[in-house]
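Only one structure is covered here, and it is reproduced in the block below.
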Amino acid sequence: MIDPHRIARTGIAALACLAAFAAAASDPPEMDAATRATLDRVLAGDHRSEANRARDKYRHPKETLEFFGLRQDMTVMEVSPGGGGWYTEILAPTLREHGQYIAASWDPNSTSEYVKTNSKKFADKLAARPDLYDRAKVTALQAPNALKPVPDGTVDMVVTFRNIHGWMGNDSADAMFKAMFAALKPGGILGVVEHRAKTDKPQDPKAKSGYVREDYAIEMIERAGFKLIGRSEVNANPKDTADHPEGVWTLPPTLELGDVDREKYLAIGESDRFTLRFRKPE
């Protein structure tokens, strides 16, 4: 005879196992003491300008990198660090002694003046502080012609910050995420931060406002082969409606409208952002 109590107990146990598995999948390992100490020292370093430090309250670099599962002995590739290299000045020194920082930046053969100007700006930044950046490697990851930044399966972690909307704008997002997937070792981690669109409107496939729906991004990234294993609200900003005259650039630090409603947008602060962690299957 079937014992209903036994079935109930079995079902409860199974649900408990599933819940435990889900919790384990979504919680990164706690940052080790050595990495934490190095990261704290870098964040307080004199190489970081006051303007860049001021953005910590919106970008939460320590909490974000801890959520991603950063260790100072990893090989980490940052995709599209930009001309200013805001995260470069955190990641490269943190990884300098025991790991490897790789900046996967623009195609050096690009004819774009914007790319040329910002590539030089980034190169000058690295050259100015060899004590911090001498071991950083710079490679290219830019569709359509520079899609193999490193040998396949050689990177522990890939990170990218507020870049998806730009790739959507030039129809390169799928190619970019496939290249990141190839670069990672099996079991490697992808960490993503992006401006978050509201779910009450369809996603503009070109993301002209700079905002991307979280569900849309997850589907896009999983299409490249990744599996979502964690979400964090560390970079959330409930004050941001994601509906502004000049898109995300209405808000600081850009303040595209200049003095028009400046105090209003300063009070909102930087954009609401989703923060996601993916794994490349073993």
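Please treat every number below as a calculation from the coordinates, not as lab data. Fair warning: this is a prediction, and the values are worked out from it, not measured in the lab. Positions of Cβ are backbone-derived with ideal geometry, glycine not excepted, and every protein chain shown enters the neighbour counts.
Counting only DSSP H runs of at least 4 residues, each contributing -39500 (n - 2.57), and dividing by the residue count of the chain, the helix-based mean residue ellipticity at 222 nm comes to -11500 deg cm²/dmol. Could you please report the charge total around Lys201, scoring K, R as +1 and D, E as -1 over all other residues with beta-carbon less than 10 angstrom from its beta-carbon? Result for the neighbourhood of Lys201: -1. Put a dot 7 Å past the Cα of Glu282, heading toward its Cβ, do the same for Asp134, and the two dots end up 4.0 nm apart. Length available on full extension from Ala236 to Asp152: 0.36 nm per residue minus the Cα-Cα distance, which gives 26.9 nm.
Computed from Cα positions, the angle between helix 4-26 and the longest principal axis of the chain comes to roughly 10 degrees.
With a cut-off of 20 Å on the backbone N, the residues of region 39-73 near the modelled label site 7 Å out from Asp27 along Cα-Cβ are 63-71.
Restricting the GluC sites (Glu not before Pro) of region 82-127 to loop positions (DSSP other than H, G, I, E, B) with no more than 16 neighbouring Cβ atoms within 10 Å leaves Glu97. Report relative contact order for region 32-279 in percent, whole number only (criteria: Cα-Cα under 8 Å, sequence separation at least 6). Taking the mean separation of contacting Cα pairs over the length of region 32-279, I get 17 percent.
First check a/c for region 32-279, with a ≥ b ≥ c the square roots of the eigenvalues of its C-alpha gyration tensor; if it is under 1.5, answer rounded, and if not, answer prolate when a/b is larger than b/c or oblate otherwise. Cα axes put region 32-279 in the rounded bin. Taking Cα centre as origin and charging only the Cβ of basic (Lys, Arg, +1) and acidic (Asp, Glu, -1) residues, the dipole magnitude of the chain rounds to 360 debye. Around the Cα centre of region 114-259, unit charges on the Cβ atoms of Lys, Arg, Asp and Glu (plus for the first two, minus for the last two) sum to a dipole of about 500 debye.
Each label point was placed 7 Å from the Cα along the Cα-to-Cβ direction; for Leu266 and Asn109 their separation is 4.7 nm. Using alpha carbons only, how many degrees (0 to 90, rounded to 10) separate the axis of helix 214-223 from the longest principal axis of the chain? Helix 214-223 sits at roughly 80 degrees to that axis.
Sequence gap at least 6, Cα distance under 8 Å: using those rules, report the relative contact order of region 85-156 to the nearest whole percent. Let's see the in-between values first.
Working: 69 pairs, mean separation 26.6, N = 72.
With pairs under 8 Å counted, the relative contact order is 37 percent.
Angle of helix 173-183 to the longest C-alpha principal axis of the chain, folded into 0 to 90 degrees and rounded to 10: 80°.
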